[in-house]
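Structure record follows, encoded as structure tokens.
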Amino acid sequence: MKDSALSVANYFVDVSKSSGTEIMPLKLMKLVYIAHGFMLALMNRSVFNPRFDRVEAWRLGPVVPSVYHSFKQYKNAPITEKTVVFKYKGDTADDATGDFVVPDLQDNDAKKVCDIVWKRYSGVSDGELEDLLHGKATPWANVYVPGMNREIPDELTRLYYRGLIRRLIGGSNGKN
């Protein structure tokens, strides 16, 4: 199965379990977006499935709707299980036979990026992550309109995270 936002989310669910750290849906959504940003900046590509995964600017920040809808049943409780999706065996939905499969992250480079994101942001509170992603110069702030779930273009996210990486490694000295 092709990697997607759900495979990234499931990877974080696995990492949280293996580290003994609870993860709530809000934090999961934030980490998936941050990982997406770092993948765009570091790998110059996304592992999101363009057919199903898009990032939207919602009131509480950047959200991938497929991740939100897959984990919203947990509300404010810790996530205990990875999500599953139905994969049709035939070429069309008319052939309703298939299996439920767990989207697992296959891309090793993406796993490394997720591990970096987990190490850096797992200890940051949900509220602090919201604040980080709602800043004046963030991709979310550039497209958010109250009451509308507008798409955040990958190019805005890529540019933002490239700049963040430059600042994090000390490459920005005011001349860039």
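The values are calculated or read from the model by the stated rules, or taken from the named source; none is laboratory data. Keep in mind that this is a model prediction, so the values were computed, not measured. Ideal geometry is used to build each Cβ from the backbone, glycine not excepted, and the neighbour counts take in all protein chains shown.
For Arg51, indicate whether it is without any contact (Cβ under 8 Å) to a residue 12 or more places away in the chain, under 19 Å from Ile152 (Cβ atoms) and not polar (S, T, N, Q). For Arg51, the condition - without any contact (Cβ under 8 Å) to a residue 12 or more places away in the chain, under 19 Å from Ile152 (Cβ atoms) and not polar (S, T, N, Q) - is met. Within the stretch 23-44, none of the residues are of a type in the set (Phe, Trp, Tyr), surrounded by 14 or more Cβ atoms within 10 Å (Cβ to Cβ), farther than 18 Å from Arg162 by Cβ and at pLDDT 95 or above. Taken over the stretch 147-160, the criterion of being part of a helix (DSSP H, G or I) and under 21 Å from Pro65 (Cβ atoms) is satisfied by Asp154, Glu155, Leu156, Thr157, Arg158, Tyr160.
Restricted to the stretch 49-86, and to residues that are among the charged types (D, E, K, R) and within 20 Å of Asp107 (Cα to Cα), which residue is surrounded by the fewest Cβ atoms within 10 Å (Cβ to Cβ)? Outline the logic, then answer.
As a first pass, look at the stretch 49-86 and keep what is among the charged types (D, E, K, R): 51, 53-54, 56, 59, 72, 75, 81-82.
Right, trim to within 20 Å of Asp107 (Cα to Cα) and you get 51, 53-54, 82.
Values: Arg51: 8, Asp53: 21, Arg54: 18, Lys82: 19.
Applying the filter and picking the extreme gives Arg51.
Among the residues of the stretch 126-146, those identified as among the small types (Gly, Ala, Ser) and either at pLDDT 95 or above or part of a helix (DSSP H, G or I) (or both) are Gly127, Ala141. The set of residues in the stretch 103-135 that are in contact with a Ser or Thr (Cβ under 8 Å, 6 or more places away or on another chain), surrounded by fewer than 16 Cβ atoms within 10 Å (Cβ to Cβ) and over 21 Å from Asn76 (Cβ atoms) comprises Asp104, Gln106. Among the residues of the stretch 37-68, the one identified as aliphatic (A, V, I, L, M) and touching a Cys at 6+ places or on another chain (Cβ under 9 Å) is Met39.
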